[in-house]
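Participant: There's a structure below that I have some questions on.
The values are calculated or read from the model by the stated rules, or taken from the named source; none is laboratory data. In this text the structure is predicted, and so the values were computed from the model without any measurement. Reconstructed Cβ throughout: ideal geometry from the backbone, glycine too, with neighbour counts over all protein chains shown. All accessible areas refer to the heavy atoms of the entire protein, side chains included, with ligands and DNA or RNA removed. Shrake-Rupley method; radii C 1.70, N 1.55, O 1.52, S 1.80 Å.
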Amino acid sequence: MKELSNLITVFPTLQLLSNTPLIDLRESLVGNTTFAMDSGTKDLCQHCAKLIPPSKSLPRTNHDHHANLALLELSSESCALCTAILTLWSLENVQNRYPDVKKETYEEILVEMRVLETYGSDDSLAWELLSVGFEIQPQIPKRLIDVGRASVFPKLVTCTELANESLRYATLSYCWGLTTFKTTKATVYTYSRALPYDDLPKTYRDAITLARSLEINYLWIDALCIVQDDNAEWQQEASRMQDIYAGSDLTIAATDAPDGSTGCFPPCTVELLSDGTSNTVVFATKDSNSNQERIVQFHVGDSRQVASHSILNTRGWTLQEMVLSHRILHCMRSSLFWQCKTHFKTETGLTFDYSTPAMRHNLFNALDPTSKDMHRNWWTWMESYSRREFSFPSDRLPAMAGLVHHYQAASRDEPMLGLWERSFTQDLLWMRQGPLSKTSAITHVSNIPSWSWLACPAILKFDNWGLSEDKSEKEKLQITTDHSSLVDWSIKWSSEPLVSDVKSSRVIIEGPVLALTFNTSPESLKFSPPYLNVNDEKLDFEKQGVPWRCSAQFDLFEAKDRIFPASYLCLLLRSSVYKSGNYTEETFMILKPVVDLKNTYRRTGIGGIRGDKRTFDLGVRQKLVIIYAGSDLTIAATDAPDGSIGYKFEDKSRELWEGRFQSLAMAMSITSFNLAGHQPRFEAKGKCQALAKIRVQSEGRDFELLNFW
């Protein structure tokens, strides 16, 4: 059993009361209301029949039985004991506990039966019959690389060919960069006979050499083990990342390599800090007592975090690779580093325990399902994830599929496009931090809803107006309350969840609401997030250096690029009451109505407001429908007084529309489009002219937009 197989349970033992003739057993139970017994005899399968030995004889301790639940389920149609066992371990029961288990996975669950104890009596033999154990085998990759030997070329092998082997394999974590060597439909057959070793990128060759040296016969490299131009296979394998990395014996990390051609061990060039000074200084000295020569290495920064700050951890896919892997060998310029779930070790012999306070908030710590604040692990991951880059922007959602499955198994919660069902209203506390990404279609997944941070191409921060780690600030807090609740939700996918497009999504949320009118000033826009004046309150700059009591960040545009004052409906998410100063901090979601759809909104930002009393009336509550951003689209335009400069679109530029215009800068003033009810409505400010013919899809229908600017 591999280490990742956490889906293991041992049933309450089944006890066979007696092996005396059935008629005697019935007579002994007359008047006993503890047992309910069907009339007539029951048939047993050949395996279960052997579990009941002849009278007065001891049972055997080892029994062959049905190997997996598929066979047990088939036998339950005629065997009473198989039926009883299966009742407790039905597909429905399994999925209630482990939602990501599918029918095919369920059927492959292994069954093990063994006798725990035996003890007899004068009249008959009674014994503790069975302990029934179940084990879910991890899903293995479709292909692996047989690393070969010195005189044998490596090759691709399908794991069905290795069914009788106890698979031990390593995985490679690396930056693709400009590396183009990959398996395609045209090359997969050739590579299954032999990989052209000398033509492989150096990082691949180094990983193969390391695996051979460690006597690990198989290696998984995504570019080689997945046929890259087979979309169906790519989706299937991308959805298995949790099992692929968690199931490997070791992850070899090319931590300092910018691409696949550099190798696992880049040249030891001098690393420079931002001021141009050296990051590492190495020199020799002598011990004054023993006169022995010592080598001193002076390294700027925390050596425990050296791998976390490497180039590898700037890439999107590698977050889940690092989190899911049980053991990682970091190959770096300075030395080798070992990382597992409990320790971090350096090549020089230093060992750091992850359980110590200094390492408690490490990005790669194991999840603790008993922690009330486990969702903060998810926030930490997603804040890191939002800072990462992708060779292919379309990977932004699939690259977190393994993390989602991993967190789901630990939390038993339901995923909601980067948020979670039980902590949904807390997860809505995400805020854009810094500028929007320059990538025009950062997600490349259709219909990402406005409430999901995946619709926002920027660095994230969760609970910006919440507590810091400062102890003194925590002592000032009196109480924190979450005020909104998730009423209903649905997300439908076009194919495999997380690795395909979203067909539709709908969320109904209830909480205190309040209409607020915001205004800005040149002084307030200097801050990040910017301060806003609320409901035209009078500000006293003489008494307070920062007189504003509200700050907010809009998801897809900068406040300086919009015309204020502007009114929005705001939904209260959380409030914190502080003892010191006797004030209240309220965090709210900023909403914009979708035209022609009653009580339907899209998220447009998040804000915080403080005061000596509550701003929101907790008794004024409303149920709101939050839908995907594609139902009410907004384009933010900058630096263009008229339509004389602009992007020229061709008919093939539909992917820009599917990105929901998240960061598309147009040479026109702000323009909004509403597609509700299949009747496009256009609103524009400023001089606009038609540049192209564009097609956009909404609610399953195509619209041709002509001459709208």
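Participant: In the stretch 304-325, what count of residues is obtained for those that are in a loop (DSSP other than H, G, I, E, B) and under 17 Å from the mean Cα position of the chain (by Cα)?
Facilitator: Residues flagged as in a loop (DSSP other than H, G, I, E, B) and under 17 Å from the mean Cα position of the chain (by Cα) within the stretch 304-325 amount to 3.
Participant: Could you grab me the full set of residues in the stretch 347-373 that are outside any loop (DSSP other than H, G, I, E, B) and at pLDDT 65 or above?
Facilitator: Listed by number, the residues that qualify are 351, 352, 353.
Participant: Among the residues of the stretch 157-171, are any assigned to a strand (DSSP E or B), out of contact with any Asp or Glu (no Cβ under 9 Å at 6 or more places or on another chain), open to solvent by 10 Å² or more (accessible area, probe 1.4 Å) and within 25 Å of residue 336 (Cα to Cα)?
Facilitator: No, every residue in the stretch 157-171 fails to be assigned to a strand (DSSP E or B), out of contact with any Asp or Glu (no Cβ under 9 Å at 6 or more places or on another chain), open to solvent by 10 Å² or more (accessible area, probe 1.4 Å) and within 25 Å of residue 336 (Cα to Cα).
Participant: Please specify each residue of the stretch 202-226 satisfying the condition of being surrounded by fewer than 24 Cβ atoms within 10 Å (Cβ to Cβ) and touching a Gly at 6+ places or on another chain (Cβ under 7 Å).
Facilitator: Passing the criteria: 202, 206.
Participant: Another question, then. Would you mention how many residues in the stretch 532-559 are modelled with pLDDT of 90 or more and open to solvent by 60 Å² or more (accessible area, probe 1.4 Å)?
Facilitator: The number of residues fulfilling the criteria is 2.
Participant: Could you grab me the full set of residues in the stretch 225-239 that are assigned to a helix (DSSP H, G or I) and in contact with a helix residue (DSSP H, G or I) (Cβ under 7 Å, 6 or more places away or on another chain)?
Facilitator: Residue satisfying the conditions is 238 alone.
Participant: From (1) open to solvent by less than 80 Å² (accessible area, probe 1.4 Å); (2) closer than 30 Å to residue 308 by Cα; (3) at pLDDT 80 or above; (4) not hydrophobic (A, V, I, L, M, F, W, C), pick out the condition that doesn't hold for residue 187.
Facilitator: (2)
Participant: Continuing with the same structure: Before we move on, is residue 178 modelled with pLDDT under 85, in a loop (DSSP other than H, G, I, E, B), within 18 Å of residue 228 (Cβ to Cβ) and aliphatic (A, V, I, L, M)?
Facilitator: So residue 178 passes the test.
Participant: I need the full set of residues from the stretch 550-594 which are of a type in the set (Val, Ile, Thr) and either more than 19 Å from residue 536 (Cβ to Cβ) or within 30 Å of the chain's Cα centre (by Cα) (or both), in order please.
Facilitator: 577, 584, 587, 590, 594, listed by residue number.
Participant: Now a separate question. Return the residues of the stretch 476-506 that are of a type in the set (A, V, I, L, M) and either open to solvent by 50 Å² or more (accessible area, probe 1.4 Å) or modelled with pLDDT of 95 or more (or both); say none if nothing qualifies.
Facilitator: 479, 486, 487 - these are the residues of the stretch 476-506 that are of a type in the set (A, V, I, L, M) and either open to solvent by 50 Å² or more (accessible area, probe 1.4 Å) or modelled with pLDDT of 95 or more (or both).
Participant: While we're here: Just need a number here: residues in the stretch 525-547 that are farther than 15 Å from residue 610 by Cβ and not in a loop (DSSP other than H, G, I, E, B).
Facilitator: Adding up the residues that qualify gives 2.
Participant: Being over 30 Å from the mean Cα position of the chain (by Cα) and among the acidic types (Asp, Glu) narrows it down to one of 206, 198, so name that one.
Facilitator: Selected residue: 198, the only one of 206, 198 that is over 30 Å from the mean Cα position of the chain (by Cα) and among the acidic types (Asp, Glu).
Participant: Give the residues of the stretch 388-406 that are open to solvent by less than 10 Å² (accessible area, probe 1.4 Å) and part of a helix (DSSP H, G or I), sorted by residue number.
Facilitator: Of everything in the stretch 388-406, those that are open to solvent by less than 10 Å² (accessible area, probe 1.4 Å) and part of a helix (DSSP H, G or I) turn out to be 398, 399, 400, 401, 402, 403, 404.
Participant: While we're here: Would you pick out the residues in the stretch 137-150 that are modelled with pLDDT of 75 or more and either within 22 Å of residue 196 (Cβ to Cβ) or not hydrophobic (A, V, I, L, M, F, W, C) (or both)?
Facilitator: Within the stretch 137-150, 141, 142, 143, 144, 145, 146, 147, 148, 149 qualify.
Participant: Name the residues in the stretch 571-585 that are open to solvent by less than 50 Å² (accessible area, probe 1.4 Å) and either over 20 Å from residue 464 (Cβ atoms) or touching a Pro at 6+ places or on another chain (Cβ under 9 Å) (or both), would you?
Facilitator: The answer is 571, 572.
Participant: While we're here: Can you report the number of residues in the stretch 187-208 which are farther than 26 Å from residue 399 by Cβ and in a loop (DSSP other than H, G, I, E, B)?
Facilitator: 2
Participant: Here's something else I'd like to know. Quick check on the stretch 427-444: of everything there that is in contact with a Leu (Cβ under 8 Å, 6 or more places away or on another chain) and open to solvent by 10 Å² or more (accessible area, probe 1.4 Å), which residue is modelled with the lowest pLDDT?
Facilitator: Top of the filtered list is 440.
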